[in-house]
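Enquirer: Sharing a structure here in structure tokens format.
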Amino acid sequence: MSKYAFITGATSGIGLATAKALAAGGYDLALAARNEGKLSSVKADIEKEFSVKVTPYVLDVREPEEIRKTVAACLAAFGAPDVLVNDAGLARGLEPYAETKEEDILQMIDTNIKGLFLVTRAFLPSMLERNSGHVVNLGSTAGLYAYAGAAVYCSTKAAVKTFSDGIRIDVIDSDIKVTTIQPGIVHTPFSEVRFHGDKKRAEAVYEGVDALHAEDIADIIAFAVSRPKRVQISDIVIMANQQATGFMVSKKKKQ
Ligand SMILES: NC(=O)c1ccc[n+]([C@@H]2O[C@H](COP(=O)([O-])OP(=O)(O)OC[C@H]3O[C@@H](n4cnc5c(N)ncnc54)[C@H](OP(=O)(O)O)[C@@H]3O)[C@@H](O)[C@H]2O)c1
């Protein structure tokens, strides 16, 4: 591979749009997610549309052993990634914390924090050895401003922001860059996942709101990773035009 990006959560929403945006920029891709069928169809679609090579990895980022094996295979095949996008993440439920299910709490922590930390831990030594690479972590405005029913999700995204700031310090003597992307409301399957497959409830979140598109975030990630070597974008916060601090959205100005 000439230059390549490893992207978790690459079969849907922001991760998928980022895969396409980076393919358009000439990156070969190593794409990870849990659903093998979706990975295969994403590989076929991207290789049809762009002249890049796509290598799929079935990976559940909650499983440390799977991470170790996947990253070892990827490093053996392609070496250190030029770009690592830690996108895999999710919210589960929107209840007051006292009613939040334990399994939902654990899934958010294990995916959004543990998975992201361990995928980064697995790749970072190879990037340091080569003295190059860009780690892009998907935080959220939820990590900056808590909102009702989302104490755990918001905390996991605050952890992503702090983690990014911490590793940026640890790699300061290297040429590695670390960027936290903090989107507001983006219309993706995110809410459907949050509401355990309840499409009607999920769609109601976006009704009357001109929400961001996954491609809006992907464009910004492509921009961040294509800056000159001297430029490191530490954080980007992107809200919908009808959004303000946190989860405050105006549903009055329907487009
Ligand atoms: N949508 C928003 O409004 C919004 C706003 C701010 C931040 N974000 C963040 O952006 C990221 C992407 O969200 P999205 O809106 O694009 O959601 P999405 O459309 O639901 O995509 C999530 C992706 O993560 C993968 N994934 C979930 N659990 C995984 C696991 N345990 N191991 C590996 N892959 C896993 C999913 O594939 P599989 O299910 O096949 O594994 C899917 O490819 C998340 O970190 C989210 O917190 C989203």
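Just so it is clear, none of the values below were taken in a lab; they were calculated from the coordinates. This is a predicted model, so every value here is computed, not measured. Methodologically, a virtual Cβ is constructed for each residue, glycine included, from the backbone with ideal geometry; neighbour enumeration extends over all protein chains shown.
Enquirer: To make sure I understand the rule: partners must be aspartates and glutamates, Cα under 12 Å from the Cα of LYS161, and not fewer than 8 residues away in the same chain. Which ones qualify?
Expert: Counting by Cα, and skipping residues close in sequence, LYS161 has these aspartates and glutamates nearby: ASP235.
Enquirer: Out of all DSSP beta bridges with both ends in the chain, state the antiparallel percent to the nearest 5. Before the final figure, lay out the partial values.
Expert: Details: 2 of 30 bridges.
Expressed as a percentage, antiparallel bridges in the chain total about 5.
Enquirer: What would the Debye formula give as log10 I(q)/I(0) at q = 0.14, 0.23 Å⁻¹ for the alpha-carbon point model of the stretch 1-113, no solvent?
Expert: Relative scattering, expressed as log10 I(q)/I(0), comes to -0.57, -1.26.
Enquirer: Sticking with this structure for a sec: So for the chain, taking the charge dipole from beta-carbon charges (+1 Lys/Arg, -1 Asp/Glu), which of ALA76, GLY246, SER40 sits furthest toward the positive end?
Expert: GLY246
Enquirer: Taking the stretch 148-242, which GluC sites (Glu not before Pro) meet the DSSP loop condition and have no more than 14 other C-beta atoms within 10 Å?
Expert: Details: sites: GLU192, GLU203, GLU207, GLU215; in loops: GLU207.
Those that pass, being in a loop and sparsely packed, are GLU207.
Enquirer: How large is the dipole of the chain about the Cα centre if only Lys and Arg carry +1 and Asp and Glu carry -1, each at its Cβ, rounded to the nearest 20 debye? Please list the in-between numbers first.
Expert: Details: 30 positive and 31 negative charges, 87 e Å.
Roughly 420 debye for the chain.
Enquirer: Assuming 0.36 nm per residue, please report the length gained on full extension of the stretch SER234 to SER2 beyond their Cα-Cα distance. If you can, show how the numbers build up before the last one.
Expert: Numbers: separation 232, 0.36 × 232 = 83.52 nm, distance 2.55 nm.
This chain segment gains 81.0 nm when fully extended.
Enquirer: Rounded to the nearest Å, what's the spacing between the alpha carbon centres of the stretch 18-55 and the stretch 56-75? Just the number, please.
Expert: 17 Å
Enquirer: Residues with amide H under 5 Å of VAL178's amide H, sequence separation 5 or more or different chain, H placed in the peptide plane at 1.01 Å from N; which?
Expert: Here VAL135 satisfy the definition.
Enquirer: So how compact is the stretch 4-245: Cα radius of gyration and Dmax in angstrom?
Expert: Final numbers for Rg and Dmax: 17.0, 50 Å.
Enquirer: Net charge near ILE172: determine it from the other residues with C-beta under 15 Å of the C-beta of ILE172, scoring Lys and Arg +1 and Asp and Glu -1. Don't skip to the end; give the middle numbers.
Expert: Values: positive: ARG168, LYS177, LYS229, ARG230; negative: ASP165, ASP170, ASP173, ASP175.
Counting the neighbours of ILE172, the net charge comes to 0.
Enquirer: Give, as a single signed number, the net charge of other residues whose beta carbon lies under 12 Å from the beta carbon of LYS69, with Lys and Arg counted +1 and Asp and Glu -1.
Expert: Numbers: positive: ARG68; negative: ASP60, GLU63, GLU65, GLU66.
With Lys, Arg at +1 and Asp, Glu at -1, the neighbours total -3.
Enquirer: In the stretch 59-138, which GluC sites (Glu not before Pro) fall in coil by DSSP and have 10 or fewer other Cβ atoms within 10 Å? It would help to have the intermediate numbers written out before the result.
Expert: On the way: sites: GLU65, GLU66, GLU99, GLU102, GLU103, GLU129; in loops: none.
Nothing satisfies the criteria.
Enquirer: Here is a follow-up. Just how far, in whole angstrom, is the stretch 117-147 from the stretch 177-227 if you go by their alpha carbon centroids?
Expert: Between the Cα centre of the stretch 177-227 and that of the stretch 117-147, the gap is 18 Å.
Enquirer: Find which of GLY139, ALA224, CYS154 sits farthest along the positive direction of the dipole of the stretch 4-245, computed with +1 on the beta-carbon of Lys and Arg, -1 on that of Asp and Glu, about the Cα centre.
Expert: The Cα lying farthest towards the positive end belongs to ALA224.
Enquirer: Further, regarding this structure: Determine the calculated [θ] at 222 nm for the chain from helices alone, applying -39500 (n - 2.57) to every DSSP H run no shorter than 4 residues and normalising by the residue count; nearest 500 deg cm²/dmol.
Expert: Working: 9 runs with 107 residues, N = 255.
The helix-only estimate for the chain comes to -13000 deg cm²/dmol at 222 nm.
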